[in-house]
Amino acid sequence: DKRFLALCLFTAMRRGEVLGLRWEDLFDGKIHIKRNVTHRQRNLPAITSPKTQAGIRTIPIIAPLSEALVPFEKNGFIIGGENPITLSAYRAMWRRIQKTIKMHGATPHTLRHSYLTYAAGVTTDIKTIQGISGHADVFTLMNRYAHPQEEKVDALSAEMTKLFTQKDD
């Protein structure tokens, strides 16, 4: 449960990408995404390619994620072991997470939105954020995932006020 939550929170990966992640996909301080797990046939997991070519990507492993993963290094799928988990196992895991932490209705996709919104607030390098998100189109990223942050709006307002109210000596 903690590994799944950490992967969602610290990477902006899609649920299926997290479920498709194998231990051997983690090397050189990065996550190398190359597969996805779907549950189209009832409860059974199916391993597929990411939705687009842009979905095949690398994401840096930040310190909090590394700490969440290090004690568990094994072979196979990071979530599930030898095989990816079933849809019912995923749903049971998410229910346990929601009971443990007040998620206020958040989903793994909400965590993806949060990561990408904060990333957009940290850097103006949109192409890097686009690469991490796995979106082929930067406009999709900006229109769906990058949300205004109130503190950034306030900071911009203060900077613009300074700019337009400077007095020439």
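What the table shows:
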read-out	value
Within the accessible area of the chain (1.4 Å probe), percent carbon and sulfur	55
Accessible area in square angstrom per residue, the chain, 1.4 angstrom probe	62
Under 10 Å, Cβ to Cβ, from Pro50 - net charge with Lys/Arg +1 and Asp/Glu -1	+4
Within segment 1-144: Cβ-based charge dipole about Cα centre, in debye rounded to nearest 20 (Lys, Arg +1; Asp, Glu -1)	620
Residue among Arg112, Arg57, Arg144 with the largest mean-square fluctuation in a Gaussian network model of the chain, springs linking Cα atoms under 10 Å	Arg144
Where only C-alpha atoms are counted, convex hull volume of segment 71-169 per residue in Å³	197
Semi-axis lengths, Å, the chain, gyration tensor of Cα atoms, sqrt of 5 times eigenvalues	35, 17, 16
Value of relative contact order over the chain, rounded to a whole percent, pairs C-alpha under 8 Å and six or more apart	26
Local net charge near Ile101, Cβ-Cβ under 14 Å (Lys/Arg +1, Asp/Glu -1)	+4
At most 16 other Cβ within 10 Å, DSSP loop - GluC sites (Glu not before Pro), segment 1-106	Glu73, Glu82
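The values are calculated or read from the model by the stated rules, or taken from the named source; none is laboratory data. Quick caveat, the model's predicted, so the values are computed rather than measured. Using ideal geometry, Cβ is built from the backbone for each residue, glycine included, and neighbour counts are taken over all protein chains shown. Surface accessibility is based on the protein's heavy atoms, side chains included, excluding ligands, DNA and RNA. Shrake-Rupley method; radii C 1.70, N 1.55, O 1.52, S 1.80 Å.
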